[in-house]
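The values are calculated or read from the model by the stated rules, or taken from the named source; none is laboratory data. Here the structure is a predicted model, which means the values were calculated and not measured. Cβ placement follows ideal geometry from the backbone for every residue including glycine, while neighbour counts extend to all protein chains displayed. For the accessible areas, the whole protein counts, side chains as well, though only heavy atoms, and no ligand, DNA or RNA atoms are used. Shrake-Rupley method; radii C 1.70, N 1.55, O 1.52, S 1.80 Å.
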Amino acid sequence: MPQAAFNDVIKRSFDDLSKRLNGSASGPLHKMREAALKSFIEQGVPTTRHEEWKYANVLPFIGLEYSRVSEIAKSVTEKDIDEALGELVSVLESGWRVTIVNGQFRGDLSYLPAAVTGVSVDVLSDKLIANDEVVRAAYGSVAKSDAHPFVAMNTALACDGVVIRVAKGSEMKRPLHIAIISDARQVNVLTTPRILIVAEEGSEIDIVETHSTIGDQQALDVSVSEIAVGSNAHVRFHKVADDQDDSRHIGYTAATVARDGRFTSHCINIAGNFIRNDLVINLADVGSQAYLYGASVLGGVQFADSHTVVDHAVNNCHSEELYKGIYDGSSIGVFNGKIFVRPQAQKTTAYQSNHSVLLSDKAQVNAKPQLEIWADDVKCSHGATLGQLNDEAIFYLRSRGIDADKARALMTYAFVAEVLEHIDHEGLREFCEKRVASKLGTEPLSL
Amino acid sequence: MTPILQITDLTAGIEDREILKGVSLTVNPGEVHAIMGPNGSGKSTLASVLAGREEYAITGGTVVFRGNDLLELSPEDRARQGMFLAFQYPVEIPGVSTANFLKTSVNELRKFRGQEPLAPAVFLALMRERMKLVEMDQSFLSRSLNEGFSGGEKKRNEIFQMAMLEPILAVLDETDSGLDIDALRIVAGGVNALRTPTTATIIITHYQRLLDYIIPDVVHVLWDGRIVRSGGKELALELEKRGYDWIKQEAAEVA
């Protein structure tokens with residue numbers, strides 16, 4: 001039974017961690033870990049019989065032998081990271097980088113805004129939890145362990161995570177890049193990066209989260225990012241999956257948005273073997289807004305599963321969601337988009353659309369919009385389409401001298417570009433456009 | 001003088017149904033030919049076969065375009081050799097702007113001719129100039145190709161593309177259908193401005209109306225898959241006056 005073996009790995013890792021903690025095993029963080037471990041064991045590793053995991057089969061890789069984090073030498077250098085990140089380094093070089101290696105924050109490999117006021121980066125610790133009311137309130141409550149087995153797993157094992165705070169009224173002009181690295185050069189690793197972002201009232205920031213694997217051994221990266229968006233604050237969150245071909249990632253991003261706050265998310269899946277992204281947004285106070293954009297450009301045997309939830313908890317909130325996918329080879333895509341409109345959430349506006357194009361007979365996509373509306377004075381809509389490329393359009397382009405392959409590439413690129421154009425950060429948008437175009441065998445359209 | 005296009009005994013059909021039953025036609029440089037005929041006579045099939053639509057099967061005859069066997073060429077190679085089809089129903093392509101589409105298209109044609117791609121500024125200036133021919137607003141350049149364009153705007157956009165691609169042979173497939181009189185005048189004006197002594201145009205139309213603005217050198221009547229009559233521009237006027245029935249009758253008597 002791979003599940004039992006995996007549970008053992010998690011329990012052993014937890015025991016290991018408890019021993020290493022040296023006295024702080026009685027602190028609030030470890031109390032949460034204990035509860036989370038219990039919750040993880042209760043929930044169990046999901047199988048495809050579990051509705052939320054119907055297409056995401058984790059059994060093939062949870063049975064692997066994973067080394068415990070403490071056994072891994074801290075030998076990653078800046079050069080290793082730059083290599084793993086590739087072109088993103090120059091794209092984001094004007095910004096700040098928070099580096100997490102095998103789940104642990106690495107100050108020595110991070111560029112932090114020391115001289116800059118408005119942003120602070122701290123290691124998640126008992127002390128911080130004890131002294132900081134905001135952190136205490138947010139940690140583990142934006143992303144709840146009992147809601148998701150891998151959130152529980154992450155919470156049980158997360159240690160030396162990162163807390164990023166954007167101070168009241170601070171408009172950060174540079175993006176903050178969270179570079180999450182799995183070092184699998186010597187052994188198989190199971191990593192549990194944990195991030196908490198608190199954007200205080202009226203603040204504004206761009207966050208870019210990336211996940212990169214180094215080395216030829218197997219890595220399973222189970223990460224959780226919690227984001228508390230303060231009143232009238234705006235967080236633009238970007239998650240770019242552009243990792244090694246055999247990489248595996250299970251990610252959970254949760255945001256709660258306060259009065260008149262805004263949370264914008266861009267999830268771009270380009271490279272990686274197994275990508276599961278849960279994005280859960282709670283529109284918790286009046287006037288809050290969420291914008292969710294997603295694009296998957298898959299081929300070969302890639303798998304990408306996007307599960308999104310927008311919870312309209314109160315009245316007068318607004319959400320817009322646009323997810324698109326292009327599937328070639330025998331790749332598999334999943335889109336599951338839930339929108340909840342609670343009984344008290346009158347005057348809600350919520351729009352969702354999901355469009356997919358299959359480029360091959362063997363590719364598949366599973367799309368499931370799920371709207372649950374309990375209020376009556378709302379405007380909600382959803383649309384999902386699945387298609388092949390329009391032959392007539394390809395002929396039209398060919399009759400203008402553009403060969404068939406290029407015509408297809410142009411059309412698929414244009415299809416995805418409609419999502420990418422919502423990325424405000426110019427460098428990042430161009431990077432994504434370039435990567436998507438190159439994967440589709442064309443170049444970005446530039447006029 | 002070498003003809004631009006020489007069609008000899010062309011037979012073609014779709015799904016076992018023969019539509020073109022032996023079409024012969026010679027188009028010389030500088031000429032404008034009009035092909036008229038009632039619905040179902042094979043006009044659009046002829047345009048489709050010339051453009052290279054794969055759903056049509058060629059069962060006999062030859063088509064020589066500028067000395068090459070046209071039927072051997074892919075649609076893109078036909079365009080690169082100088083053939084242009086103005087579509088009866090231009091396709092909407094979301095996400096691809098008119099400017100980007102044309103840049104790709106023009107540069108593909110240039111590449112084929114061994115020329116460097118046009119510099120963006122030069123290209124933009126060229127587009128602005130050519131748009132004036134069909135009185136198109138510059139705002140169309142950044143809009144998705146044909147998406148949300150009115151019928152008239154789509155047809156003007158076809159002629160704008162023709163102006164950009166500078167074809168040797170332009171085939172206008174029912175370009176006049178669905179146009180009001182102003183749009184018709186604009187489209188015709190564009191086509192006339194693009195006439196040169198070295199290029200040719202084939203106008204496929206059901207009505208005589210467009211030929212008031214674009215004066216053809218030769219008018220052909222296509223009926224039941226054959227060209228049953230050819231004449232000067234006065235033939236179009238006669239058709240307008242008398243309809244197609246007398247042609248059908250004559251053709252039946254000959255057969």
Determine which member of the set B:E153, B:E147, B:E158 is open to solvent by 30 Å² or more (accessible area, probe 1.4 Å), over 25 Å from B:K241 (Cβ atoms) and part of a helix (DSSP H, G or I). B:E153
Kindly list the number of the only condition in (1) in contact (Cβ under 8 Å) with a residue 60 or more places away in the chain; (2) open to solvent by 10 Å² or more (accessible area, probe 1.4 Å) that fails for A:V121. (1)
What are the residues in the stretch A:84-111 that are part of a helix (DSSP H, G or I) and touching a residue at least 24 places away in the same chain (Cβ under 8 Å), if any? A:A84, A:L85, A:L88, A:V91, A:L109
Quickly run through the stretch B:151-172 and pick out the residues that are in contact with a helix residue (DSSP H, G or I) (Cβ under 8 Å, 6 or more places away or on another chain), more than 11 Å from every other protein chain (Cβ to nearest Cβ) and within 14 Å of B:A51 (Cα to Cα). B:A170, B:L172
Within the stretch B:53-91, which residues are charged (D, E, K, R), facing chain A (nearest Cβ under 8 Å) and touching a residue at least 24 places away in the same chain (Cβ under 8 Å)? B:E76, B:R78, B:R80
Of the residues in the stretch B:171-212, those that are within 23 Å of B:Q6 (Cβ to Cβ) and among the charged types (D, E, K, R) number 2
Any chance the stretch A:336-357 includes a residue that's in the same structural domain as A:L279 (by TED's automatic domain parsing) and in contact with a helix residue (DSSP H, G or I) (Cβ under 7 Å, 6 or more places away or on another chain)? yes
Here are some conditions: (1) more than 9 Å from chain A (Cβ to nearest Cβ); (2) under 25 Å from A:R408 (Cβ atoms). B:R130 meets all but one. Which one does it not meet? (2)
Given the conditions (1) assigned to a helix (DSSP H, G or I); (2) more than 14 Å from every other protein chain (Cβ to nearest Cβ); (3) out of contact with any Ser or Thr (no Cβ under 8 Å at 6 or more places or on another chain), and given that B:V187 satisfies all but one, which numbered condition is not satisfied? (3)
Among A:H249, A:H238, which is open to solvent by less than 10 Å² (accessible area, probe 1.4 Å), under 17 Å from A:I100 (Cα atoms) and in the same structural domain as A:L88 (by TED's automatic domain parsing)? A:H238
Unmet criterion (only one of (1) more than 13 Å from chain A (Cβ to nearest Cβ); (2) of a type in the set (S, T, N, Q); (3) crowded, with 22+ Cβ neighbours inside 10 Å) for B:T98: (1)
Residue check: is B:G37 in contact (Cβ under 8 Å) with a residue 40 or more places away in the chain, out of contact with any Phe, Trp or Tyr (no Cβ under 7 Å at 6 or more places or on another chain) and more than 8 Å from every other protein chain (Cβ to nearest Cβ)? no
Among the residues of the stretch A:275-306, what is the count of those that are part of a strand (DSSP E or B), open to solvent by 10 Å² or more (accessible area, probe 1.4 Å) and in contact (Cβ under 8 Å) with a residue 60 or more places away in the chain? 6
Working carefully through the options A:A167, A:A156, A:A138, A:A152, find the one that is surrounded by 19 or more Cβ atoms within 10 Å (Cβ to Cβ), in the same structural domain as A:D242 (by TED's automatic domain parsing) and under 20 Å from A:V235 (Cα atoms). A:A138
Tell me yes or no: at least one residue of the stretch A:76-97 is farther than 20 Å from A:H211 by Cβ and open to solvent by less than 50 Å² (accessible area, probe 1.4 Å). no
Looking only at the stretch A:348-394, which residues are touching a residue at least 40 places away in the same chain (Cβ under 8 Å) and either among the acidic types (D, E) or in contact with a Cys (Cβ under 6 Å, 6 or more places away or on another chain) (or both)? A:A350
